[in-house]
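Colleague: I am attaching a structure below and will ask some questions about it afterwards.
The values are calculated or read from the model by the stated rules, or taken from the named source; none is laboratory data. Values in this document were obtained by computation on a predicted structure and should not be read as measured data. Here the Cβ positions follow ideal geometry from the backbone for every residue, glycine too, while neighbour counts run over all protein chains shown. Surface accessibility is based on the protein's heavy atoms, side chains included, excluding ligands, DNA and RNA. Shrake-Rupley method; radii C 1.70, N 1.55, O 1.52, S 1.80 Å.
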Protein chains: 2
Amino acid sequence: MSKAPHLTFDLDMPGVSRGHLVVPGGSDRGELLLPVFSLNKGEGPRLLVTGGNHGDELEGPLVARRLIEWLQKEQICGRVIVLPVLNPLAVEAWSRNTPLDGLNLNRIFPGRADGSVTQRIADAVSRVLLPMADTVFDLHSFGPRWDFPPAATTHPIADPDLMARTVRMAEAFKLPLTLVWQHNDTVGMFDIVAQNRGKVFVCAEFGGGTVGANNLAIYEAGVRNAIIALGLVEGEAESLTFREQKSCQTLETHPSDELKSPATGIFEPRRSVFDEVKQGDVIGILHLMDSPAAESIDICAPGPSIVLGIASGAHVDANKLVAIVARPLKL
Amino acid sequence: MSKAPHLTFDLDMPGVSRGHLVVPGGSDRGELLLPVFSLNKGEGPRLLVTGGNHGDELEGPLVARRLIEWLQKEQICGRVIVLPVLNPLAVEAWSRNTPLDGLNLNRIFPGRADGSVTQRIADAVSRVLLPMADTVFDLHSFGPRWDFPPAATTHPIADPDLMARTVRMAEAFKLPLTLVWQHNDTVGMFDIVAQNRGKVFVCAEFGGGTVGANNLAIYEAGVRNAIIALGLVEGEAESLTFREQKSCQTLETHPSDELKSPATGIFEPRRSVFDEVKQGDVIGILHLMDSPAAESIDICAPGPSIVLGIASGAHVDANKLVAIVARPLKL
């Protein structure tokens, strides 16, 4: 065992601090230095902003970098810690998981000090940074294979007070979508560990597809809105137009809202994000591409709903997620 | 050596035919069956439409499939052969090149009968299908890592008559962009082999990023417009709106219009497709992500130009292509 994870600087120093979160080395590789920015303006909310949890979701690291410039000009109180890239090994490989150990960082929190490199990153964040914050924004996106609206999301939380505060925080992003997402694969998520410690945790799911200038501007505005709502910065919330739409809606989705591919083939999306659909409406088509008869299978809406996310046209295996629908939230 | 490549049906039969292009087996794998559709309505233009040349460009296979349905209702003369997936091995892997031999199908034409599987696909297409067509539309896209407008493209062609006919054919797609693309990596392209045989060859570069319903509709309209211009179908050309823009423009781009990353880091796009830029305007930013000082390098326009394509925000190595600019075509 090497030494414990630590910061190379003192978070309690007033003003701007820059340094590294040191993730100790192990048998698989040496120590990892994750750049960290901190701005301490005394009393007030304590916020942690993280990006690059998954390596093919680059909106987070880029928006985090832009926030650092903005906070230095605008922050009036409290403390913000920004860690733009949680998992540099995955970011360098443009892959969801860490190539070295194959692990998904967002399924192994709180991590292990004596584990492989991904587990050691989770351990360092859980032990060194998480205790220093009351609120966490983890900046994800849907990656290159999906179309998904800019969204602030949470999973259902057992504690009704924390749930209400979390939904209010998510709505303060004023993004096109606030989403309560119930799914079955939440063990080891950063969210769960933070919520179990009583923290307000919002997972921003910032679109998907190409990471472009227009989308980055929408994403950044959302995080700024939430930081203004926390009182760390004075200003007015600003909602940017997303595909000719400026309204915000709060939806919920459940495991039964997930549509899977009925066979191996090429998925063709037939609907777009935020389309309203009736039961039986065709959302996508699965083409059996090895057949000269050009056979295909329709993938239909299970009931009246709103298209929340839709996979990019691509070759898919059978039983693979290709679309997610949702309905207005009933709390 | 196994038997020669062949079709499982007779292209000269009138009406609809379906079957396979048989790519013989070799030492690396057994024979490959590529589904082929043909519609023979007698005298008239002879068109070959191909998709799935690169396995991470799914617009082509999907638009090709949609064309098959449309042609059966609308085609009035001539012959159209549709091969939706040239390289199923790459499509299944969602990869540009064939995983089995690592080859880029679009750099090894006319292929080799005694080569590896990718070379054998090129050989089968060059020997069996290419002689049956006077015009070829090869349906590409820019893949998941780029933003690029729907475009009909050609490389410069030495024969001025074939060049003029090719540009006219590309403009008949009435897509937002017609592009004459001069670059240095053209050896072994399908285009070159077809043009050397005197054929009109248009490479459709259908956008990039997520393959979604709206983009597919634009792409399909472009190919339909070109088929109508050829006289295979009667009808009016239809131009769909691309990001609030309905106009078409013809541009040219050269190797000096390619902007590369100045270092290893995360590329942030700051401009969008079709933005007009002046010399020195910031098109993107390269962030040195291992630095806690948040250092970055601006990537600027080399002269007055139009942003043609821009890479998605992603980790990039030094000297990697991140943006392409262009100027109005001077023939």
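Colleague: So, in the range A:271-289, how many residues would count as being among the small types (G, A, S) and either in contact with a Cys (Cβ under 7 Å, 6 or more places away or on another chain) or open to solvent by 30 Å² or more (accessible area, probe 1.4 Å) (or both)?
Modeller: Looking only at that region, the number is 1.
Colleague: Being basic (K, R), within 16 Å of the chain's Cα centre (by Cα) and more than 10 Å from every other protein chain (Cβ to nearest Cβ) is the requirement here; does B:R79 meet it?
Modeller: no
Colleague: For the range B:130-155, what are the residues that are over 18 Å from B:L175 (Cβ atoms) and at pLDDT 95 or above?
Modeller: Selection gives B:L130, B:P131, B:M132, B:A133, B:D134.
Colleague: Same structure again: Suppose we keep only residues that are open to solvent by less than 10 Å² (accessible area, probe 1.4 Å) and of a type in the set (G, A, S) within the range B:241-270. Which one would you say is modelled with the lowest pLDDT?
Modeller: B:G265
Colleague: Confirm whether B:G231 is modelled with pLDDT of 95 or more and surrounded by fewer than 17 Cβ atoms within 10 Å (Cβ to Cβ).
Modeller: Yes: the conditions hold for B:G231.
Colleague: Under 6 Å by Cβ, and 6 or more places apart or on different chains, what pairs join a residue from the range A:134-145 that is of a type in the set (A, V, I, L, M, F, W, C) with one that is open to solvent by 10 Å² or more (accessible area, probe 1.4 Å) and modelled with pLDDT of 95 or more?
Modeller: Correct list of pairs: A:V136/A:K199.
Colleague: Tell me the strands (runs of 3 or more DSSP E) entirely within the range A:1-74 that contain at least 3 residues that are surrounded by fewer than 23 Cβ atoms within 10 Å (Cβ to Cβ) and touching a residue at least 12 places away in the same chain (Cβ under 8 Å).
Modeller: Because the criterion is at least 3 residues that are surrounded by fewer than 23 Cβ atoms within 10 Å (Cβ to Cβ) and touching a residue at least 12 places away in the same chain (Cβ under 8 Å), the strands (runs of 3 or more DSSP E) in the range A:1-74 that meet it are A:15-23, A:32-41.
Colleague: Taking B:R112 as meeting all but one of (1) in contact with a strand residue (DSSP E or B) (Cβ under 6 Å, 6 or more places away or on another chain); (2) without any contact (Cβ under 8 Å) to a residue 24 or more places away in the chain; (3) away from chain A (no Cβ under 14 Å), write down the number of the exception.
Modeller: If we test B:R112 against (1) in contact with a strand residue (DSSP E or B) (Cβ under 6 Å, 6 or more places away or on another chain); (2) without any contact (Cβ under 8 Å) to a residue 24 or more places away in the chain; (3) away from chain A (no Cβ under 14 Å), just (1) comes out false.
Colleague: Further question: Step by step: first the residues of the range A:75-104, then only those that are in contact with a strand residue (DSSP E or B) (Cβ under 9 Å, 6 or more places away or on another chain) and over 19 Å from A:V136 (Cα atoms), then the one that is most open to solvent (accessible area, probe 1.4 Å). Which residue is that?
Modeller: A:E92
Colleague: May I pose another question? When only residues in the range B:138-152 that are open to solvent by 10 Å² or more (accessible area, probe 1.4 Å) and in a strand (DSSP E or B) count, which is farthest from B:Q245 (Cα to Cα)?
Modeller: Applying the filter and picking the extreme gives B:W146.
Colleague: Do we have B:S296 as closer than 20 Å to A:E220 by Cβ and under 23 Å from the mean Cα position of the chain (by Cα) here?
Modeller: The answer is no for B:S296.
Colleague: What's the total number of residues in the range A:280-289 that are modelled with pLDDT of 95 or more and either under 21 Å from A:T178 (Cα atoms) or not hydrophobic (A, V, I, L, M, F, W, C) (or both)?
Modeller: The total comes to 3.
Colleague: While we're here: Quick test for you: out of A:F190, A:F206, A:F201, pick the one residue that is hydrophobic (A, V, I, L, M, F, W, C), within 14 Å of chain B (Cβ to nearest Cβ) and under 23 Å from A:P255 (Cα atoms).
Modeller: It is A:F206.
Colleague: Look through the range B:110-137, keep the residues that are assigned to a loop (DSSP other than H, G, I, E, B) and among the aliphatic types (A, V, I, L, M), and return whichever of them is least open to solvent (accessible area, probe 1.4 Å).
Modeller: B:A133
Colleague: Hey, another quick one. When A:A226 is evaluated against the numbered criteria (1) within 20 Å of A:I324 (Cα to Cα); (2) touching a residue at least 60 places away in the same chain (Cβ under 8 Å), which criterion, by number, is the only one it fails?
Modeller: (1)
Colleague: Considering only the range A:75-102, how many residues are farther than 20 Å from A:I228 by Cβ and either polar (S, T, N, Q) or in contact (Cβ under 8 Å) with a residue 12 or more places away in the chain (or both)?
Modeller: Number satisfying all stated conditions: 18.
Colleague: Test B:V307 against the stated conditions and say whether it is aliphatic (A, V, I, L, M), surrounded by 16 or more Cβ atoms within 10 Å (Cβ to Cβ) and outside any loop (DSSP other than H, G, I, E, B).
Modeller: Criteria met by B:V307.
Residue-by-condition table, conditions (1) in contact (Cβ under 8 Å) with a residue 60 or more places away in the chain; (2) of a type in the set (A, V, I, L, M); (3) touching a helix residue (DSSP H, G or I) at 6+ places or on another chain (Cβ under 6 Å):
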position: A:G198; (1), (2), (3): no, no, no
position: A:A204; (1), (2), (3): yes, yes, no
position: A:Y219; (1), (2), (3): yes, no, yes
position: A:G231; (1), (2), (3): yes, no, no
position: A:F274; (1), (2), (3): yes, no, no
position: A:I285; (1), (2), (3): no, yes, no
position: A:A294; (1), (2), (3): no, yes, yes
position: A:I306; (1), (2), (3): no, yes, no
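Colleague: Give A:R107, A:R165 a once-over and let me know the one that is under 23 Å from A:L21 (Cα atoms) and either touching a strand residue (DSSP E or B) at 6+ places or on another chain (Cβ under 6 Å) or open to solvent by 10 Å² or more (accessible area, probe 1.4 Å) (or both).
Modeller: A:R107
Colleague: Can you pull out the residues in the range B:168-196 that are among the charged types (D, E, K, R), in contact with a Ser or Thr (Cβ under 9 Å, 6 or more places away or on another chain) and open to solvent by 10 Å² or more (accessible area, probe 1.4 Å)?
Modeller: Hits for the range B:168-196 are B:E171, B:K174.
Colleague: Turning to a different aspect of this structure: I'd like to check something: does the range A:290-297 contain any residue that is of a type in the set (V, I, T) and either modelled with pLDDT of 95 or more or surrounded by fewer than 22 Cβ atoms within 10 Å (Cβ to Cβ) (or both)?
Modeller: Yes, the conditions are met somewhere in the range A:290-297.
Colleague: How many residues, within the range B:8-42, are over 18 Å from B:Q72 (Cα atoms) and in contact with a His (Cβ under 7 Å, 6 or more places away or on another chain)?
Modeller: Qualifying residue count, the range B:8-42: 4.
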